[in-house]
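Below is one structure, written out as structure tokens, with a few remarks after it.
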Amino acid sequence: PGMKILVFAFDSGPDNPFLPHHYTPNFVVYTGTHDNDTVVGWWRRVDETERDFCRRYLATRGQDIAWDLIRAAWASVAVLAIAPMQDFLRLDNRARMNYPGREGSNWAWRMPAEALKPELRDALRELNILYSRGKVFGE
């Protein structure tokens, strides 16, 4: 399968191939990767034109943008949807995993055990059920 990365989707309008309406099932969609800003970090960095298009496309006010992109990934037809834990936890770039070409400070972020809360588990379970990415409905 090919890759689609949602944080690349909103910078050039409706023809951008990273937008979910262009996907086919033979893709894996990521909110972002270990080499990109977290979704929260990306949101803080991009200009208002990109934020405006993203808000309009996702029909959101952008107040929980990490979860908005996670929902868009899970709702897509891509065969697999992946989000880094930093996005599930709504963390900014202080939790970024890797800066390609930078020596020294990469791969240092560690998720605290207490970050895994029942609310996150329940929300992710609900997305998996709603978008057929988990147990079969009714099980």
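The values are calculated or read from the model by the stated rules, or taken from the named source; none is laboratory data. None of these values were measured; they are calculated from a predicted model. Glycine gets a Cβ as well: all are built from the backbone with ideal geometry, and neighbour counts include every protein chain shown.
Just one of the listed residues (G13, G41) is surrounded by 19 or more Cβ atoms within 10 Å (Cβ to Cβ) and either in contact with a strand residue (DSSP E or B) (Cβ under 6 Å, 6 or more places away or on another chain) or over 25 Å from N128 (Cβ atoms) (or both), namely G41.
Total residues in the range 116-139 satisfying the condition of being under 20 Å from T33 (Cβ atoms) and without any contact (Cβ under 8 Å) to a residue 40 or more places away in the chain: the figure is 1.
Residue pairs whose Cβ atoms lie under 7 Å apart, sitting 6 or more positions apart in sequence or on different chains, and linking a residue in the range 50-68 that is surrounded by 18 or more Cβ atoms within 10 Å (Cβ to Cβ) to a partner that is charged (D, E, K, R) and in a helix (DSSP H, G or I), are L58/D68; A66/D87. Note on the range 19-35: residues that are within 24 Å of N106 (Cα to Cα) and either without any contact (Cβ under 8 Å) to a residue 40 or more places away in the chain or buried (at least 21 other Cβ atoms within 10 Å of the Cβ) (or both) total 4. Filter the range 87-104 down to the residues that are of a type in the set (A, V, I, L, M, F, W, C) and modelled with pLDDT of 90 or more, then identify the one that is nearest to D35 (Cα to Cα). Per the criteria, the residue is L91. Here L124 fulfils each of the conditions (1) exposed (fewer than 13 other Cβ atoms within 10 Å of the Cβ); (2) of a type in the set (A, V, I, L, M); (3) part of a helix (DSSP H, G or I) apart from (1).
The number of residues in the range 88-111 being outside any loop (DSSP other than H, G, I, E, B) and loosely packed, with under 14 Cβ neighbours inside 10 Å comes to 1.
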